[in-house]
1. Quick one: L415 ticks every box in (1) buried (at least 22 other Cβ atoms within 10 Å of the Cβ); (2) within 17 Å of W435 (Cα to Cα); (3) of a type outside the set (D, E); (4) out of contact with any helix residue (DSSP H, G or I) (no Cβ under 7 Å at 6 or more places or on another chain) except a single one, so which number is it?
2. Can L310 be described as farther than 18 Å from L415 by Cβ, in contact (Cβ under 8 Å) with a residue 24 or more places away in the chain, buried (at least 24 other Cβ atoms within 10 Å of the Cβ) and of a type in the set (A, V, I, L, M)?
3. Counting just the residues of the range 357-380 that are in contact with a helix residue (DSSP H, G or I) (Cβ under 7 Å, 6 or more places away or on another chain) and more than 21 Å from E233 (Cβ to Cβ), which one comes out surrounded by the most Cβ atoms within 10 Å (Cβ to Cβ)?
4. How do the pairs read when you match residues in the range 399-422 that are closer than 14 Å to G369 by Cα with residues anywhere that are among the polar types (S, T, N, Q) and buried (at least 20 other Cβ atoms within 10 Å of the Cβ), using Cβ under 6 Å and keeping only pairs 6 or more apart or on different chains?
5. Pick out the one residue from R400, R362, R406 that is within 25 Å of G337 (Cα to Cα) and basic (K, R).
6. Which count do you get for residues in the range 115-140 that are of a type outside the set (A, V, I, L, M), part of a loop (DSSP other than H, G, I, E, B) and farther than 16 Å from Y420 by Cα?
7. Within the range 418-429, can you find the residues that are crowded, with 18+ Cβ neighbours inside 10 Å and assigned to a loop (DSSP other than H, G, I, E, B)?
8. Please work out which residue is surrounded by the fewest Cβ atoms within 10 Å (Cβ to Cβ), limiting yourself to the range 389-407 and to residues that are among the β-branched types (V, I, T) and part of a helix (DSSP H, G or I).
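Each reported figure results from applying straightforward, stated rules to the coordinates on display, with no laboratory input. Everything numeric in this text was worked out from a predicted model, so none of it was measured. With ideal geometry, Cβ positions are generated from the backbone for all residues, glycine too; neighbour counts draw on all protein chains shown.
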Amino acid sequence: MTFRSKQKIRILPWLLMIAVLAIGPLLASCAPSQTAATPTPTKTPRPEATRVETTTSVETPSAQPNPTETLPAPAETPAAGTQASPEAPAATAPAESPSPAAEPSATRAAVKPGELMSSPDFGVQAFLWWREEVADRDLGLIKDAGFHWVKQLFSWQDIEGAGKGQYDWTNTDRLVAQVEKYGLKLIVRVSQDPDRPFWAGNPPDNAGHFADFLAAVAGRYKGRIHAYQVWNEPNLAREWGQKRPDPAGYVRMLKTAYPAIKNADPNAIVVTAGMAPTGTDSNEAMPDIKFYEQMYEAMNGDSDGYFDMLGAHAAGFAAPPEASPDETAAKEIPYGGERFFAFRHLEEVRAVMERYGDADKRIVVLEFGWTTDDRQDSPYYWHGAGAGIDETLKGRYLERAFEWARTNWQPWIALMTVIYMPDVGWTKDTEQYYWSIIGPGYPDLFLRPAYVIVCAYLNGLNGEKCKYDPGG
């Protein structure tokens, strides 16, 4: 997800929502309404190469309102001590010449259920890029929690920023090896940082350069990177070169990206970008359902040769995971009054696939979760602490979301990726701090109840116990 400039299209805070309810009928008679966009974060922050060591003091949870249900709350426990870092392989391989992208194959290349991803499968997004010792600690926690997959951003500029064909594999070599050490599967989000000028230009005009880059990555890590997410939230202008979102342009990018990856690593899974759940239709954003529909129209209803699985985002906002889009649309208070404010909005994405004859392909949830944001001036407050969501309820909602998928979404649901294992530099002044399932920091470990609950659930699926669960 990404963050800063999303403020332009965010939903109004909770108090303003109440005011709108009072004056809405008067305004409706004189001006057209416009559905507000999702307030979920969409900008994945890029950590700096040089870090200031974070404090080792215990994170003190902020006071939270009463949750919407009574649940036992494991204490957020600091576990001081630094783990030894593994030896990282030397990244001395010379830059490679990428293979040119070929035309998409006419043969369906969808990965069959049970190959690489189960239904559902479980993963979490992490930040493994800059600090080897933090990556090692967090990968251990991911493994201990029972996740099978880890998602990591590969920023195009961080690898090929020096110029065409000039690759820096230092961090990618090291983190791919670390993921292998823990026996986890790796999905990488390969995209461009929209906040940094770049020699390759902006999408979709840079699609050829992007395909060359993907071919180089997939060739170098054949069999080691298991899935590729192609770009991020192209239904937002800030991710699309500050231009109006263009589903047909994104399809052209997929048409070159897919064979570039598959020619280098036929067994890798190619996943579309996840779209930001939004109702805004403007030069800055396009509703996710409309974007998916226009994607299928641009592919003439046939996604073969463009992707193996469809990516989607499925934040829960203020509603419990079982709430339907009908329910969130009907209840402006407390659920926001829009269909996309439901975790189960994913079912509407699935309906698009089925309408276009793509029922045999599956959905990868690239981001989902709930926030505990307790800053009353934050646009996230209304669906965080303002909705009674604390760390314990967040954990219960994640657990129940997994269970809903197991009960209702098989066989079409594939990987479900929780946000986040945090970057250690995040603070309480940033939105992403409140989405995370542990507290940021190193060398101290700040376990949150959400992590412990998910750990107990996922381990329990295999008849095992979470070693961090005090009641286990």
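1. (2)
2. Details: farther than 18 Å from L415 by Cβ: no; in contact (Cβ under 8 Å) with a residue 24 or more places away in the chain: yes; buried (at least 24 other Cβ atoms within 10 Å of the Cβ): yes; of a type in the set (A, V, I, L, M): yes.
Spelling it out, it is not the case that L310 is farther than 18 Å from L415 by Cβ, in contact (Cβ under 8 Å) with a residue 24 or more places away in the chain, buried (at least 24 other Cβ atoms within 10 Å of the Cβ) and of a type in the set (A, V, I, L, M).
3. Ranking the qualifying residues of the range 357-380, first place goes to T372.
4. T417/Q125; I419/Q125; Y420/Q125; Y420/S436; P422/S436
5. Every option except R400 fails the conditions.
6. Restricting attention to the range 115-140, the residues satisfying the condition of being of a type outside the set (A, V, I, L, M) are 115, 118-123, 125, 127, 129-133, 136-138, 140.
Subsequent filtering for residues that are part of a loop (DSSP other than H, G, I, E, B) retains 115, 118-120, 127, 129-131.
Pick out the ones that are also farther than 16 Å from Y420 by Cα and you get 115, 118-120, 130-131.
Selection size over the range 115-140: 6.
7. To start, the set of residues in the range 418-429 that are crowded, with 18+ Cβ neighbours inside 10 Å comprises 418-426.
Result: I419, Y420, M421, P422, D423, V424, G425, W426.
8. The qualifying residue surrounded by the fewest Cβ atoms within 10 Å (Cβ to Cβ) is T407.
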